[in-house]
Structures are given as C-alpha cells and as structure tokens.
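Asker: Please find one structure pasted underneath; my questions will follow.
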Amino acid sequence: MDPRKYSLVRALRPFSYSVALIACGLGVLVASQEGYGNSLRAFWVILAGVLAQATVNLINDHSDKSLWRASTEISESQRQRVLALISRNTRIGILCGMAAAVIGLWLTWQTNLGLLLLCIAGFLGGYYYTAEPVNYKRRGLGVILVFWFTGVLLVVGAYYSMAAGISLNSVLLSLPIAILSSLLLLSNELRDLDADRQYGLKTLSVRIGFGAARLLYWGLLVSCYLVCVILWRQGFLGEPLALLPSLLFALWLLRILALPDGGGVTLPPLTGRYFMLFGVGYLYSVYAAGATG
C-alpha cells in the first residue's frame with residue numbers, strides 16, 4: 001500500500017464528487033420539472049450530497065489501520081505517521097458527516113420522516129462499505145450495492161428532498177447514473193486489484209479476475225448507453241446528441257482499458273472525468289425533454 005494515498009487531497013478523492021454533483025443535480029432537476037422547484041433547498045440538497053460523499057471517502061480508509069499495524073514492510077515511525085494521517089482523515093470525515101446530518105435534519109423538517117429513512121439507509125450503505133461486521137467491499141458486493149446506495153438512492157433522495165415523495169421518473173432516470181456509479185467504483189478496484197489480492201481483500205475484481213473485471217467495465221459502459229436509448233425512445237430524454245461528447249470519451253476510455261495494465265492509476269480519475277462529462281450531457285438531455293414535453 002502507498003502511504004501517500006492518505007494525504008488529505010488524495011483521501012478526499014476529488015474525481016468522485018462528480019457522482020454527488022450529478023446525482024443530486026438530477027434529482028433536483030426532475031423535481032423542478034414536476035413543479036417542486038426551490039433554489040434554496042436545491043443548494044442545500046447538493047451541498048449535503050457533496051458532504052456525504054466526502055464523509056464516505058474519508059472514513060472508508062479507517063479499516064486500513066489493521067493492515068498497517070500488521071505490516072512488516074515499514075519502520076515503526078512510518079507506521080505511526082500513516083496511522084496518524086488515517087485518524088486525521090477520519091476526524092475530518094466525521095465533521096463532514098455531522099454537517100451533512102444537520103442539513104439532512106433541516107430537509108427532513110421541510111419534508112417528512114420518509115427522507116430521514118432514506119438518509120439513514122444511505123449512511124449505512126456508505127459506512128458499511130468497509131466497516132465491520134458487514135464490510136461488503138471484501139465480500140465482493142461493492143460494485144453491486146453502490147448501484148443502489150450511490151446511484152438510485154442519491155438521485156431519489158435528492159428528489160424526495162424537493163418533492164417530499166418519490167416518483168417513477170426519478171427512479172427510471174437514475175439508472176444511467178447508478179450504472180456509472182458502479183463503473184467508477186470498478187475503476188478503483190481495477191487499479192487496486194494487485195494490492196487488494198495481496199492483502200486478502202476479496203473485492204469483486206479480485207474474485208472474478210482482471211480479465212472478467214475489465215469485461216464488466218466494458219459491459220457497464222455499453223449498458224449505460226443502451227438504457228439511455230430506451231429512455232429517449234420513451235420520451236424521458238431529449239437532444240440525444242448531448243451525449244455524443246461523452247460517447248467519444250467512452251470510446252477513448254475503452255482504448256485505455258485495453259492496455260496491458262487496464263489504464264492503471266489513470267483509470268479512476270479518467271473515469272471520474274468521464275462521469276462528469278456524461279452527467280452534464282445527461283442533465284441537459286433530461287432538461288430538454290422536460291422543456292419540450
């Protein structure tokens with residue numbers, strides 16, 4: 001493992017915030033199109049989503065402490081420095097989580113207790129990604145469950161914060177975002193596959209192997225656009241050409257993925273940038289469908 005990954009900037013994982021921004025933005029947009037627009041509430045919804053993402057990013061490294069305590073590859077002074085960095089990141093993550101919780105309580109007061117249940121489900125999903133006794137990352141369920149917890153739940157939760165309810169539109173339109181949330185996590189697993197295998201972390205990519213994980217990455221990208229075609233044919237999306245730039249980027253990503261190392265350390269940040277590019281085009285396409293509907 002690389003101690004540099006615990007620097008605050010790297011622990012925050014900046015490329016991952018495209019998920020919170022796009023997912024919450026989508027929920028807010030769909031709610032606004034259905035007559036539940038509120039710019040002040042929309043601001044707090046998106047901020048809460050970003051803070052929640054920061055919380056998950058920062059506290060998920062806490063479980064690495066046991067690995068560093070058991071490591072024989074570093075000196076005791078280095079070990080203590082790494083453990084101190086992880087503890088610092090965890091404390092900052094807790095502060096971000098507390099801020100997100102305060103906003104969540106205010107939004108619950110503005111809507112109803114149903115939102116609180118969604119927030120609790122989202123918190124548990126993020127916390128138990130690496131926390132015991134669940135730790136669904138090492139059970140190989142991360143890529144699967146992030147589809148629901150980060151994709152569908154984040155979009156639907158943002159919509160609920162605005163509309164005080166759930167609509168079928170918000171669920172259906174969340175599907176491409178949910179698929180790409182899984183794609184982003186898979187890119188991390190591909191990068192970390194050798195290290196995870198070395199330390200006995202049975203992620204999905206470790207379980208199925210590099211070749212199958214790379215094929216899954218390819219399949220998720222393709223399925224995202226297939227779902228978009230279906231949504232467009234059903235009238236949920238307009239201006240499909242808005243997704244063309246992201247499609248070209250996706251083709252380039254697949255070329256990177258075809259390299260012997262699957263893109264290595266460059267794959268996660270490139271996938272994060274792709275997510276943002278797709279998300280902007282997707283939001284515009286959703287907006288265009290509402291404007292002409």
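The values are calculated or read from the model by the stated rules, or taken from the named source; none is laboratory data. As the structure is a prediction and not an experimental result, all values here were calculated from the model. Heads up, the Cβs are rebuilt from the backbone with ideal geometry, glycines too, and the neighbour counts pull from every protein chain shown.
Asker: Output the qualifying pairs, or none if there are none: Cβ atoms under 8 angstrom, residues six or more apart or on different chains, first residue in segment 93-119 and over 15 Å from ALA163 (Cβ atoms) and of a type in the set (Phe, Trp, Tyr), second residue modelled with pLDDT of 95 or more and surrounded by 13 or more Cβ atoms within 10 Å (Cβ to Cβ).
Answerer: Close Cβ pairs satisfying both conditions: TRP106/TRP44.
Asker: Quick check on my filter: what residues within segment 157-177 are aliphatic (A, V, I, L, M) and surrounded by 24 or more Cβ atoms within 10 Å (Cβ to Cβ)?
Answerer: Of everything in segment 157-177, those that are aliphatic (A, V, I, L, M) and surrounded by 24 or more Cβ atoms within 10 Å (Cβ to Cβ) turn out to be ALA158, MET162, LEU173, ILE177.
Asker: It is to be established whether one or more residues within segment 181-190 are in a helix (DSSP H, G or I), in contact with a Gly (Cβ under 9 Å, 6 or more places away or on another chain), buried (at least 16 other Cβ atoms within 10 Å of the Cβ) and of a type in the set (D, E, K, R).
Answerer: For segment 181-190, residues in a helix (DSSP H, G or I), in contact with a Gly (Cβ under 9 Å, 6 or more places away or on another chain), buried (at least 16 other Cβ atoms within 10 Å of the Cβ) and of a type in the set (D, E, K, R): present.
Asker: Applying the selection to segment 68-92, what residues are in contact with a Leu (Cβ under 9 Å, 6 or more places away or on another chain) and either touching a residue at least 60 places away in the same chain (Cβ under 8 Å) or closer than 23 Å to LEU201 by Cα (or both)?
Answerer: Listed by number, the residues that qualify are TRP68, ARG69, LEU85, ARG88, ASN89, THR90, ILE92.
Asker: Sticking with this structure for a sec: Quick one: in segment 236-246, of everything that is in a helix (DSSP H, G or I) and surrounded by 13 or more Cβ atoms within 10 Å (Cβ to Cβ), which residue is farthest from the chain's Cα centre (by Cα)? Can you show your working first?
Answerer: Going residue by residue through segment 236-246, those that are in a helix (DSSP H, G or I) are 240-246.
Filter once more, keeping what is surrounded by 13 or more Cβ atoms within 10 Å (Cβ to Cβ): 240, 242-243, 245-246.
Numbers: PRO240: 24, ALA242: 22, LEU243: 20, PRO245: 21, SER246: 18 Å.
My answer is PRO240.
Asker: Name the pairs: first residue in segment 268-287 and in contact (Cβ under 8 Å) with a residue 40 or more places away in the chain, second residue assigned to a helix (DSSP H, G or I) and among the charged types (D, E, K, R), Cβ to Cβ under 6 Å, at least 6 apart or on different chains?
Answerer: Matching pairs, first to second residue: PRO268/ARG191.
For (1) surrounded by 14 or more Cβ atoms within 10 Å (Cβ to Cβ); (2) in a helix (DSSP H, G or I); (3) modelled with pLDDT of 95 or more; (4) on the phi > 0 side of the Ramachandran plot, each residue gets a yes or a no:
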| residue | (1), (2), (3), (4) |
| --- | --- |
| TYR225 | yes, yes, yes, no |
| LEU248 | no, yes, yes, no |
| GLY262 | yes, no, no, yes |
| GLY272 | yes, yes, no, no |
| PHE275 | yes, yes, yes, no |
| LEU283 | yes, yes, yes, no |
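Asker: While we're looking at this one, here's another question. Contact list please: Cβ distance under 6 Å, first residue in segment 10-23 and farther than 13 Å from ILE59 by Cα and modelled with pLDDT of 90 or more, second residue outside any helix (DSSP H, G or I) and among the charged types (D, E, K, R), pairs at least six apart or on different chains.
Answerer: Here the result reads none, with nothing in segment 10-23 linked to a residue that is outside any helix (DSSP H, G or I) and among the charged types (D, E, K, R).
Asker: Now for a different question. Mind telling me which of the residues ARG273, ARG255, ARG233 ends up being basic (Lys, Arg), over 18 Å from GLU34 (Cα atoms) and under 22 Å from the mean Cα position of the chain (by Cα)?
Answerer: ARG273
Asker: Moving on to the next point. Spot the failing condition for LYS137; the list is (1) surrounded by fewer than 22 Cβ atoms within 10 Å (Cβ to Cβ); (2) within 28 Å of ALA212 (Cα to Cα), and only one is missed.
Answerer: Looking at each condition in turn, LYS137 falls short on (1).
Asker: For a quick check of your reading of the model, give me the residue pairs whose first member lies in segment 154-165 and is of a type in the set (Phe, Trp, Tyr), whose second is part of a helix (DSSP H, G or I) and crowded, with 24+ Cβ neighbours inside 10 Å, with beta-carbon atoms closer than 7 Å and at least 6 apart or on different chains.
Answerer: Partner pairs satisfying both residue conditions: TYR159/GLY27; TYR159/VAL30; TYR159/ALA31; TYR159/SER170.
Asker: Out of everything in segment 191-217 that is of a type outside the set (S, T, N, Q) and outside any helix (DSSP H, G or I), what residue ends up being modelled with the highest pLDDT?
Answerer: Applying the filter and picking the extreme gives GLY209.
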